[in-house]
1. Skip the ligands, DNA and RNA, and give the accessible area per residue of the chain with a 1.4 Å probe, whole Å².
2. Between Gln13 and Tyr243, take the C-beta separation as r, use R0 = 30 Å, and let me know the FRET efficiency to the nearest 0.05.
3. Can you tell which of Leu217, Leu66, Leu97 shows the greatest fluctuation in a Gaussian network model of the chain with Cα springs below 10 Å?
4. Just how far, in whole angstrom, is the stretch 244-275 from the stretch 79-134 if you go by their alpha carbon centroids?
5. Among the aspartates and glutamates, select those whose C-alpha is under 19 Å from the C-alpha of Lys8, and discard any that sit fewer than 8 residues away in the same chain.
6. With +1 assigned to the C-beta of every Lys and Arg and -1 to the C-beta of every Asp and Glu, and no other charges, what is the dipole magnitude of the chain about the Cα centre in debye, to the nearest 20?
7. Can you give the accessible area of Ser175 in Å² (nearest 10), computed on protein heavy atoms with a 1.4 Å probe?
8. Using R₀ = 22 Å, calculate the FRET efficiency as 1/(1 + (r/R₀)^6) where r is the Cβ-Cβ separation of Leu137 and Ala94; round to 0.05.
Amino acid sequence: MRIRIRRKRQKIQKFFLFTSTVYLCFLLFAAVGSSYLAPHSPTTQNLNQRLLPPFTEGKILGTDDLGRDIWSRIVYGTRSLLLIGTVSVGIALAGGLVMGILAGAIGGIVDSFIMLLMDGILSFPTVLLAITVVSVLGYGLVQVTVALGIVFIPVFARLVRAETISRLTEGYVESSRALGTPFPKILLRHVLPNMMPDLIAQSTVTFALVVVIEASLSFLGLGTQPPEPSWGLMLKESRNFLYQAPWMAIFPGLALAATVFSFNYLGDYLSEQLNPQRW
């Protein structure tokens, strides 16, 4: 009985892993080849075709209140989505590596100061802190990207610090020190490679959070500005047409939910598969 349940569980996990991978590959292709997948311009308005239901007059997912093709706007919206997610995670990862390694390797007052700063940032709600940073930097794609990168630096800093402290106490690191290996070389050869699995898993989970927060900021009017396509902006524009044209909210919402689920599931899978204790 347990074996059957385990096999069914493995089949379900493989199915979700396959569908998540295929969906994320489709998102990447949509971001790179938007002009091939989108039959219409995402910003061209046609008031004669406003609020058309799906599969009407060649509109796969219908049109919005300004006659713009919803499918084309979703496809082109993947560009800003992946751009913001990739750059934001890159900023957070780079900043977290620097802060975490300094705190874990040096210790003492430096460690206390850095972690006090990181804890102070984490004490604020993520969305509220992102809104604050965007308000200071200004509204727009670049500002949102930088803001989200800053917000998630403490997450990576705490992870890198813990991994650095743990790796520096390993026997092979002590042996390398005894042989006179320079400390920077120890970090590059022994510490960083061993923490990469955890960083990869954390990056995928953080990417999903960035997607949600970016959509929230765009919904509030602080992110991507019209007429540029954004899933959060599309949800904002659909508020007044939920009964008249529900497809304006359904399809961007499904795309957003599928993206967050895929990245979260991939992150959980990677954290399980890349866990050193598993081997």
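The values are calculated or read from the model by the stated rules, or taken from the named source; none is laboratory data. A quick note: this is a predicted structure, and the numbers were derived from the prediction, not measured. Methodologically, a virtual Cβ is constructed for each residue, glycine included, from the backbone with ideal geometry; neighbour enumeration extends over all protein chains shown. Accessible surface is based on the protein model in full, side chains and every heavy atom, while ligands, DNA and RNA are left aside. Shrake-Rupley method; radii C 1.70, N 1.55, O 1.52, S 1.80 Å.
1. Details: 14960 Å² over 279 residues.
Accessible surface, normalised per residue, equals 54 Å².
2. Approximately 0.15, to the nearest 0.05.
3. Its mean-square fluctuation being the largest, the pick is Leu66.
4. A separation of 24 Å, based on Cα centres.
5. Asp268, Glu272
6. About 1100 debye.
7. 70 Å²
8. My answer for the efficiency is 0.75.
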